[in-house]
Amino acid sequence: MGRSADTYRREKAFDRASRFLDSPQPVFGVLGKITAVSTIAGTTYRNEYTWSEAIVGPASANYVCALRASGQGIVGEKAISISELGNTSMTVSGGVALSNLPTGFTPQPLPIGTPVWVVPNRASDGTLVWIILSHQAIDGACPSTIEPV
């Protein structure tokens, strides 16, 4: 009798504990393609992107990423890039100091047509905001002559 009572208490404890766990919500994403880019006023190298859902073609078509056919998928949604969220007047691209970039090099927005992975999130006011999981590109032209150090 004592053994079954212990088993019952243990099962009840597991049941109670499982109901009070704050489990993380699953994150789902969507393959998208950038369709437009606009600079966010008053920010340093931050952009708002318009994207539409995309699909990858078969191996016979070299896995080309294309927008879904008209009437299918998510179309014309706005998003921001996670890599640009930390851009400030002093640093960009995950902590790269702007002062360390060579002359002529600047952070670049994601080009139109870029395939991206997009996940839904909520802004602090509760509105839906799509987050693009991407990197911050930095581009520029090297000088024709390089000074010795």
Considering only segment 104-128, how many residues are surrounded by fewer than 16 Cβ atoms within 10 Å (Cβ to Cβ) and assigned to a strand (DSSP E or B)? 8
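Does LEU101 satisfy being out of contact with any Gly (no Cβ under 7 Å at 6 or more places or on another chain), surrounded by fewer than 18 Cβ atoms within 10 Å (Cβ to Cβ), in contact (Cβ under 8 Å) with a residue 24 or more places away in the chain and not β-branched (Val, Ile, Thr)?
Details: out of contact with any Gly (no Cβ under 7 Å at 6 or more places or on another chain): yes; surrounded by fewer than 18 Cβ atoms within 10 Å (Cβ to Cβ): yes; in contact (Cβ under 8 Å) with a residue 24 or more places away in the chain: yes; not β-branched (Val, Ile, Thr): yes.
Yes.
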Name every residue in segment 84-123 that is among the polar types (S, T, N, Q), under 15 Å from ASP139 (Cα atoms) and out of contact with any helix residue (DSSP H, G or I) (no Cβ under 9 Å at 6 or more places or on another chain), in order of residue number. SER99, ASN100, THR103, GLN108
Is there any pair with a first residue in segment 75-96 that is on the phi > 0 side of the Ramachandran plot and a second that is hydroxyl-bearing (Ser, Thr, Tyr) whose Cβ atoms are under 8 Å apart and which are 6 or more apart or on different chains, and what are they? GLY76/THR35; GLY76/THR50; GLY76/SER52; SER93/SER83; GLY94/SER83
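Since every read-out is calculated from the coordinates, none of them should be taken as a lab result. Since this is a predicted model, take the numbers as computed values, not measurements. Here the Cβ is made from the backbone with ideal geometry for all residues, glycine too, and neighbour counts use every protein chain on show.
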